[in-house]
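Below: one structure, written as structure tokens.
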Amino acid sequence: MDPWVPLAPHAVAPHEPWQQRVRDALGTFKRGDLVGHLELAAELGPAAPRPAGGATRGLWELLATLGAHDLQLARAVEPHLDALAILDEAGSGAPTGSAWGVFAAEGPGARLTARPAGEGWVLEGTKPWCSLAAHLSHALVTAWVDDETRGLFALDLRGPGVRTAGSDGSWVPRGLPDIVSTAIEVDGAGATPVGGPGWYLRRDGFAWGGIGVAAVWYGGAVGLARRLARPAGRPLDQVGHLHLGLVDQHLTAARATLAEAAALVDAGAVSGHEAAALATRVRSVVAAAAEGVLASCEHALGPGPQVGDAAYAAGLADLRLYLRQHHAERDLAALGRGSDEHGAWWSR
């Protein structure tokens, strides 16, 4: 079976060199091979499409393909490609062979601040929820430039004044176990501003990055669906066929939504609040579809593969945890609020 996950029915087989590289690489990785995952990310970085560059569908297919194979692999590659896209948008570059993350989360009791120092900037404080910080060379981090505004900064994670918090035993997930998130402690480290204060969140590319994450969710759901379509042991019965039909329904909706969004992004058809609404809408549709696939796989296949098929059990756990990055009802409330304020597309 072709491992590529297309976003268009009857799509022509991928032919770009970077697409073939992904296909060739999938069979060579072992789960948890973070060195190999980040090497692939660095290799794909210069060649992979950028959002809104005319091949957005290809980029999201790449992310979905990685997610269908191993969500941990996709979880290592996606932030690197997102960081490079942000740097390109800002007119900046990345050192050859570097491995990047994007750290924008906030948490109680943790705050990273930025202040001017001579002709540059220095960062001080704590940044929580920094995935793979111990394995990356660089990151784009948000830091507070005043009481109300954050800026985005490029930070050398291996430079002076940066320390990755050690493992204290608090990282205990059954899903994505090797994609460890820790805090980083920053003590007067020099950093380079990327865009002006507030630019990171205002730009339309923030929305496109969020949809890229949804493409990974979609891929994770496709990987589980492929397992359902090839049950080991006994053939699917009528209830199994019912769930296979539900999975088809869910994945078709998610695929169509992602494909339409890719076309809109490349056409420059949405911006501002419409871009944010599109991202929230797509993420909500894909998250609901992925949760439906999770439920159908568990109901149709039962406990057997969860205790006897390591790849399937890992796929279930990985996708459950990754989906929790979706804000669920809060995002739906935000989508409804935006529809109330600006008018929904279906009421104009």
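To the nearest 0.05, what FRET efficiency results for E39 and D146 with a Förster distance of 45 Å applied to their C-beta separation?
0.70
What is the distance in Å between the Cα centroid of region 213-251 and that of region 84-118?
When both Cα centres are located, 38 Å separates them.
Let's test the formula: R0 of 30 Å, r as the Cβ-Cβ distance of E260 and V307. What FRET efficiency results, to the nearest 0.05?
Between E260 and V307 the formula returns 0.15.
Over the chain, with the other protein chains present, what is the accessible area per residue in square angstrom, probe 1.4 angstrom?
47
State the percentage of accessible surface on region 1-125 attributable to carbon and sulfur atoms; use a 1.4 Å probe and exclude ligands, DNA and RNA.
Heavy-atom surface of region 1-125 belonging to carbon and sulfur, 1.4 Å probe: 53 percent.
So, with +1 on the Cβ of K and R and -1 on the Cβ of D and E, and no other charges, what is the size of the charge dipole of region 69-173 about its Cα centre, to the nearest 20 debye?
That gives region 69-173 a dipole magnitude of about 320 debye.
With the chain treated as a Gaussian network of Cα nodes joined by springs under 10 Å, which of G109, G27, G272 yields the largest mean-square fluctuation?
Among G109, G27, G272, the largest mean-square fluctuation in the Gaussian network model of the chain belongs to G109.
In whole percent, and with a 1.4 Å probe on the protein chains, what portion of the accessible area of region 155-283 is carbon and sulfur?
Result for region 155-283: 55 percent of the exposed heavy-atom area is carbon or sulfur.
Starting from the Cα of D24, step 7 Å along the direction of its Cβ; do the same at R226; then give the gap between the two resulting points in nm.
Computed distance between label sites D24 and R226 equals 1.9 nm.
At a 10 angstrom cut-off on C-beta neighbours, averaged per residue, how do the peptides 69-75, 261-267 rank from highest to lowest?
Descending packing order for the listed peptides: 69-75, 261-267.
How high is the relative contact order of the chain, in percent, counting Cα pairs under 8 Å that sit 6 or more residues apart?
The normalised contact order for the chain reaches 18 percent.
Ranking request for peptides 113-119, 30-36: highest mean number of other beta-carbon atoms within 10 Å first, then the rest in descending order.
Descending packing order for the listed peptides: 30-36, 113-119.
What does the charge add up to near G175, with Lys and Arg as +1, Asp and Glu as -1, over the other residues with Cβ less than 13 Å from its Cβ?
Around G175, the charge tally is +2.
In degrees between 0 and 90, to the nearest 10, how far off the longest principal axis of the chain does helix 56-69 point, with axes built from Cα atoms?
70
Round to the nearest 10 and give me the degree value, 0 to 90, for the angle of helix 310-323's Cα axis relative to the longest principal axis of the chain.
Computed tilt is about 50 degrees.
On the first, second and third principal axes, largest extent first, how far apart are the outermost C-alpha atoms of region 294-345 in Å?
Its Cα atoms span 50, 20, 15 Å along the three principal axes.
Just to check I understand the Karplus step: with θ = phi - 60° and J = 6.51 cos²θ - 1.76 cosθ + 1.60, what whole-Hz values come out for region 218-230, glycine and proline as x?
Taking θ as phi minus 60°, the curve returns 4, x, x, 5, 4, x, 5, 5, 5, 5, 5, 6, 10 Hz for region 218-230.
For the chain, what Kirkwood radius comes out of the mean inverse Cα-Cα distance, in Å?
Its Kirkwood hydrodynamic radius stands at 21.0 Å.
Along the Cα→Cβ direction, 7 angstrom out, place labels at T252 and V172. What is the inter-label distance in nm?
Between T252 and V172, the simple spin-label model gives 4.3 nm.
With the Cα gyration tensor of region 192-312 in hand, give its eigenvalues times 5 under a square root as the equivalent ellipsoid semi-axes, listed largest first in whole angstrom.
36, 15, 9
For A183, what residues show an amide H to amide H distance below 5 Å, using hydrogens built from the backbone and excluding near sequence neighbours?
For A183, whose amide H was placed from the backbone, the distant partners under 5 Å are W129, C130, A165.
Scan around L157 for amide H atoms under 5 Å from its own, H built in the peptide plane at 1.01 Å from N, and keep only partners 5 or more places away or cross-chain.
H138, A139
What does the helix-only formula give at 222 nm for the chain: each DSSP H stretch with n ≥ 4 adding -39500 (n - 2.57), the total divided by the residues, and the result rounded to the nearest 500 deg cm²/dmol?
-16500 deg cm²/dmol
What percentages, rounded to whole numbers, describe P(r) for region 83-184 computed over all alpha carbon pairs with 10 Å bin width beginning at zero?
14, 46, 33, 7, 0
Relative contact order for region 46-152 using alpha-carbon pairs under 8 Å, separation at least 6, rounded to a whole percent?
About 21 percent, as a whole number.
Under 13 Å from the Cβ of A139, count the other residues' Cβ atoms, weight Lys and Arg +1, Asp and Glu -1, and hand me the total.
Overall, the nearby charge balance is 0.
Using bins 5 angstrom wide from zero, how does P(r) for region 57-134 break down, in % of all Cα pairs?
3, 12, 16, 19, 23, 14, 7, 5, 2, 0
For a Förster distance of 30 Å, can you work out the FRET efficiency between the beta-carbons of R163 and T96, rounded to the nearest 0.05?
Here the calculated transfer efficiency is 0.75.
Measuring from centroid to centroid over Cα atoms, what is the spacing of region 38-81 and region 298-348 in Å?
Using only Cα atoms, the two centres lie 20 Å from each other.
Using per-residue counts of other Cβ atoms within 10 Å, averaged over each peptide, order 278-285, 317-324 from highest down.
For the peptides 278-285, 317-324, the packing ranking is 278-285, 317-324.
The values are calculated or read from the model by the stated rules, or taken from the named source; none is laboratory data. Because the structure is a prediction, the values reported are computed rather than measured. Neighbour counts run over all protein chains shown; Cβ positions are idealised from the backbone, glycine included. Accessible surface areas use protein heavy atoms only, side chains included; no ligands, DNA or RNA. Shrake-Rupley method; radii C 1.70, N 1.55, O 1.52, S 1.80 Å.
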